[in-house]
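This report refers to the structure that appears directly beneath it.
The values are calculated or read from the model by the stated rules, or taken from the named source; none is laboratory data. For clarity, every value in this text was computed on a predicted model and none was experimentally measured. Quick reminder, even Gly has a Cβ in these numbers, built from the backbone with ideal geometry, and neighbours come from all protein chains shown. Keep in mind that these areas ignore ligands, DNA and RNA; they rest on the heavy atoms of the full protein, side chains included. Shrake-Rupley method; radii C 1.70, N 1.55, O 1.52, S 1.80 Å.
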Amino acid sequence: MRAAHELVAREGFAGAKVAAVAGACGVSAGSLYSYFGSRDELLARVFRSAAGRELAAVRAAVDTAPAHPEARLKAFADTFTGRALRGRRLAWSLLFEPVSPVVERERLVYRREYAQLCEGVIREGVAAGLFAPQNAAVSAGAVIGAISEALVGRLSPEVSQKAEAPDEQLVAEIREFCLRALGRAPS
């Protein structure tokens, strides 16, 4: 698992071929099938592990933020965005890289988890009168989509996009967009 995770973080899911994982472990490719029924099963487990760590970090940031919906939304956006920018290749792989249907099912599970976390924060903000009245479930999906879309060019290993702003500024702009989108005036 560790070798496969390192390959995904460095080369994406496409680079985590069975032979490459086996080589990194110093074992034969066939021996990996003693532990995993298929490459897809191995990569799904790698996805689950890596995505689980990322979700846990975002959840911890939200949980430890001051008990104020704006602070909690800022923690969500800043942590998600900041971690993605610090681990660009892994973030690209987890969010956007074309993957098998087995891995894509895992991706959808984690997207729902992020949406549920964000939805709870939005519901708190609406109840406190800090965010405009809205369907929190729809807004949570839109916020996550906006964050992801704002990162796609910056994370892509295929696109050489000149950074128009430093990472810290991008994090701040994404955070402020999310707050405005939920009906809070910019600070």
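The requirement of being assigned to a helix (DSSP H, G or I), within 27 Å of residue 133 (Cα to Cα), in contact with a Leu (Cβ under 6 Å, 6 or more places away or on another chain) and at pLDDT 95 or above is fulfilled nowhere in the range 164-176; no residue meets it.
Could you please let me know if residue 177 is farther than 25 Å from residue 14 by Cα, buried (at least 20 other Cβ atoms within 10 Å of the Cβ) and over 17 Å from the mean Cα position of the chain (by Cα)? Taking the combined requirement at face value, the residue does not satisfy it.
Quick check: is even one residue across the range 35-57 among the polar types (S, T, N, Q), modelled with pLDDT of 95 or more and closer than 24 Å to residue 183 by Cα? I'd like the intermediate steps shown before the answer.
Taking the range 35-57 first, the residues among the polar types (S, T, N, Q) are 38, 49.
Next, only the ones that are modelled with pLDDT of 95 or more stay: 49.
Still in the running and closer than 24 Å to residue 183 by Cα: none.
Looking for residues that are among the polar types (S, T, N, Q), modelled with pLDDT of 95 or more and closer than 24 Å to residue 183 by Cα, one finds none in the range 35-57, hence no.
Residue 134 meets the stated requirement of being touching a Gly at 6+ places or on another chain (Cβ under 8 Å) and open to solvent by 50 Å² or more (accessible area, probe 1.4 Å).
In summary, residue 99 fulfils each of the numbered conditions (1) in a loop (DSSP other than H, G, I, E, B); (2) touching a Leu at 6+ places or on another chain (Cβ under 9 Å); (3) more than 30 Å from residue 3 (Cβ to Cβ) with the single exception of condition (3). For the range 1-27, the set of residues classified as charged (D, E, K, R) and more than 15 Å from residue 41 (Cβ to Cβ) consists of 2, 6, 10, 11, listed by residue number. If you filter the range 77-97 down to residues that are more than 14 Å from residue 9 (Cα to Cα) and in contact (Cβ under 8 Å) with a residue 60 or more places away in the chain, you find that the one that is surrounded by the most Cβ atoms within 10 Å (Cβ to Cβ) is 80.
Scan the range 15-36 and report the pairs whose first residue is assigned to a helix (DSSP H, G or I) and whose second residue is hydroxyl-bearing (Ser, Thr, Tyr), with Cβ atoms within less than 7 Å and a gap of 6+ or a chain change. Qualifying pairs under 7 Å: 22/28; 22/31. Residues that are of a type outside the set (Gly, Ala, Ser) and open to solvent by 40 Å² or more (accessible area, probe 1.4 Å) within the range 55-71 comprise 59, 63, 64, 66, 68, listed in sequence order.
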